[in-house]
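Structure record follows, encoded as C-alpha cells.
The values are calculated or read from the model by the stated rules, or taken from the named source; none is laboratory data. No experiment lies behind these values; they were computed from the predicted model shown. Cβ placement follows ideal geometry from the backbone for every residue including glycine, while neighbour counts extend to all protein chains displayed. Side chains are part of the model used for accessible areas, which takes the heavy atoms of the whole protein and leaves out ligands, DNA and RNA. Shrake-Rupley method; radii C 1.70, N 1.55, O 1.52, S 1.80 Å.
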There are 2 protein chains.
Amino acid sequence: MTQIEAEASPPQADRTIQSVDRALSVLETIARRRGEVTLQQICEDLELNASTCHHILRTLMARNYVRPGTARGRYMLGSQIVMLAEAVNVKAELPGRAKPVMDELNRVTEEAVHLAVFDRDEMITLVKREARHALKVDSGSIGKSRAMHATATGKVLLSGMSEEEVRRLCTLHGMARFTVNTCTDPEALLAELEQDRARGFSEDREEFQLYVVCTGAAVRDPAGRIIASLSVSTPINRATEAHLGLVRREVMAAGRKLSLTSLDMSEVPSS
Amino acid sequence: MTQIEAEASPPQADRTIQSVDRALSVLETIARRRGEVTLQQICEDLELNASTCHHILRTLMARNYVRPGTARGRYMLGSQIVMLAEAVNVKAELPGRAKPVMDELNRVTEEAVHLAVFDRDEMITLVKREARHALKVDSGSIGKSRAMHATATGKVLLSGMSEEEVRRLCTLHGMARFTVNTCTDPEALLAELEQDRARGFSEDREEFQLYVVCTGAAVRDPAGRIIASLSVSTPINRATEAHLGLVRREVMAAGRKLSLTSLDMSEVPSS
DNA sequence: GGACCGATTTCATGATGTGAAATCCGCGCT
DNA sequence: AGCGCGGATTTCACATCATGAAATCGGTCC
C-alpha cells in the first residue's frame, strides 16, 4: 500500500477498522452528493483509490445499502438503509444525544433544563440539568407528570397532537389547578397550543409553580413529528424580557439541533 | 486466523470485503433484536469472535451508527443511520426494486403491469410490463399522463392526498371524459377515493379506455405515505370476477412488498 | 470479599484488504 | 465503421490490517 502516507492523515489512529470506516464514509459521501453519484466522485471526495472504493461499493451493493443508478456507473443509496433506520428507536437514543446539548443550553442560559417525552398517555421527564444559581427552581424531577396542561414541556408535546387527542388527555388526566395562572379550560388550552405551533415555542408563566416561568421547544423526528420537548425554567426575578428572549432563542436552537434532519451538509461538494 | 475454517461457511466467497460485510451484519442484528443488545447476543447470532465483534462495534460507535445503551455493555442503533436514510431517494431507487416484483406480478396475472409516481402535479409512469397474451392492452406508456381521475394508477396516488389537494388537481388538469364511464365529478371522485382507501385498492372499469379494466394498489414509504402506485390492466373479456379477485390480491401483495417497512424479520431470534 | 461472568484490551500472526496496473466497455469523434 | 479516450471494472502480488486467543478489567451476586 501507500508508503508515502506519513502525515497525509492526522496521526490520530483511533482503534477503528479501516475498511469499515471507509465503507461508512462511502455511504455518507453518496448521501451528501444527493442523487446518483459516480465512482470517481466518491474517491475524489475521500481520496481513495478507485479500486478500493469499488471493492467497498461492491460489498455495499451485495447487501442493498447501495444500488446501481439509472445510468451505467452511477450509484445511489439502497433501501436497506431505510429498513435499518426503521429499527432505530429515536426516543431511546435521544437522551444520549441530548445530554451534551442540554449541558450547553444549561451553560448559556444558566437555568434548569429538562427533556421530556410522551409515552402511554403520560409525560415522562428523562433528563434534567440544575440551574447555575444559588436560587434554584425545583420544577418537576425525573419521571412521570400529570401536569402537561400547565407546563411548557407538556404544552410542547400537546402541540404535536390532534385536537381530539388533546381533548382526550384533558378528560383523562383532568386539568388540575396549580396556581392562579393555571389554564383549566380545554378550549383556552387549544387556542394557546395553536399560537405555540405558530411561534415555535411554548411558555408557562407561573402556571405550574408560582415564581417560575418555563420556556419549551420541540424535538422532531425526520417526518416532523414531535418526539420530545426541551424546556428551560426561569425564576421570576430573572425573567426579564431580555433574558427570556435569549432563553427562547437558545431553547429553540437546541430543539432544532436534536431534531433528526438529514446529514450534516457543512461540507457540500463543489460539483 | 482460524485454520479449521474449511467448510464452516458455504464456499460462496463473493468478492466482498469481509470486515465491511460483518459490520453490516452487526447493524442488522442489532436492528433485528429491537432495542438494546449485548455484545454476546450479537456474536452468538453471527458466530463471530467477541473481540472481532467488539472492534466492529467500536468503529460503528465512533461514527454514531451505534450508541451505548442505557445499561453498561448494551448497544443500540445510533442516529447517523436515520440521517443516512433521509438521503435515500425512495422514489429514485424504487424502479430498481420494482422490476423483479413487477415481473413476478406480470407472470402470475399474465396482464400488463405499470408503476407510476406523482411528481410536480403530474402522474409519471416509470416502468411497464406487457401482457402475456396475444390481445395486448395498450394502456398508457412510459411518461406523463393527465388522466389521474380515470385510471387505477392515478386514483391510488390521489387517494394518498388531502381533499384540498385532489380538488386542486381536478381544477388544474380538468376531468376530461375518455369513455362513457369516466368520472367527471370531483365529489363523486372524492367519494370513490374514500372507498378505495378503505378497501386498499383502486379500480378503473373502462373509465379511461373501453374494454380495459385496471386494478391499482399503493406503494408506501415507512411513514405510510403513498409514494407510488402499481397497476394491472385487464382486457374486459378476461375480467371475470375470479380473475379480478386474483389480480386484486396479487397487486396488493406486490404493493406491500415494495413498501419499505422495517427489516425482514424472518429469522427472529429466540431470546 | 471473593468468585464468577461478560465486556474490553492486547498482541502476534497470517489471512485479507489494498492499490498499481491491466482490461473492459461505452461513447464520441473522425 | 473504426479508432481512441475516459472511466469503470478486474486482477493480483504484497504487506497492512483485521483477526481471535488470551490476558485484563469491571460489576454483580453470593
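Quick notes on this one:
- Distant-in-sequence amide H partners of B:Thr234 (H built 1.01 Å from N, under 5 Å): B:Val213, B:Cys214, B:Thr215
- Cβ charges +1 (Lys, Arg) and -1 (Asp, Glu), total dipole of chain A, debye: 460
- Residue-wise HN-Hα coupling along region A:53-63, computed from phi with Karplus coefficients 6.51, -1.76, 1.60 (Hz; x: Gly, Pro): 4, 5, 4, 5, 4, 4, 5, 5, 6, 4, 10
- What separates the A:Thr171 label point from its copies, with the point 7 Å along Cα to Cβ, is 3.6 nm, written shortest first.
- Label-reachable residues, region B:30-60, where backbone N falls under 11 Å from a point 7 Å from B:Arg74's Cα toward its Cβ: B:35-38
- Apportionment of accessible area to carbon and sulfur, the protein assembly as shown, percent (1.4 Å): 50
- Label-point distances for B:Leu210 to the equivalent site in the other copies, using a point 7 angstrom along Cα→C-beta, read 8.4 nm when ranked shortest first.
- Amide H contacts under 5 Å for A:Ala131, placed H, 5+ residues apart: A:Ala112, A:Val137
- Cβ charges +1 (Lys, Arg) and -1 (Asp, Glu), total dipole of region B:18-86, debye: 280
- Estimated FRET transfer efficiency (A:Thr240, A:Glu122; beta-carbon r; R0 51 Å; 0.05): 0.90
- Contact order relative to length of chain A, as percent, for alpha carbon pairs under 8 angstrom and 6 or more apart: 15
- Dividing the summed helix terms, -39500 (n - 2.57) for each DSSP H run of n ≥ 4, by the number of residues in chain A produces a 222 nm estimate of -13000 deg cm²/dmol to the nearest 500.
- Region A:91-102 - phi-based ³J(HN,Hα) in whole Hz, Karplus 6.51/-1.76/1.60, Gly and Pro as x: 5, 5, 8, 4, x, x, 6, 5, 3, x, 5, 5
- Label reach from B:Leu210 (point 7 Å along Cα→C-beta): in region B:171-191, amide nitrogens under 17 Å belong to B:177-183.
- Scanning chain A for the beta carbon that comes closest to the axis linking it by rotation to B yields A:Ala85, 2, distance in whole angstrom.
- A:Arg22, B:Arg32, A:Arg205, ranked by accessible area, largest first (probe 1.4 Å): A:Arg205, A:Arg22, B:Arg32
- Solvent exposure of chain B amounts to 49 Å² per residue of accessible area, where only protein heavy atoms count and the probe is 1.4 Å.
- Hz values of 3J(HN,Hα) by residue in region A:245-251 - Karplus curve (6.51, -1.76, 1.60), Gly and Pro given as x: x, 4, 4, 4, 4, 5, 5
- Label distances, nm, B:Leu190 versus same residue in remaining copies, Cβ-directed 7 Å point: 2.1
- Charged-residue dipole, Cβ positions (Lys, Arg, Asp, Glu), the protein assembly as shown about Cα centre, Debye nearest 20: 360
- Each part gets one Cα centre, and for region B:170-221 versus region A:45-107 those centres are 39 Å apart.
- Solvent-accessible ranking of B:Lys91, A:Lys155, B:Lys144, largest area first, probe 1.4 Å: B:Lys144, B:Lys91, A:Lys155
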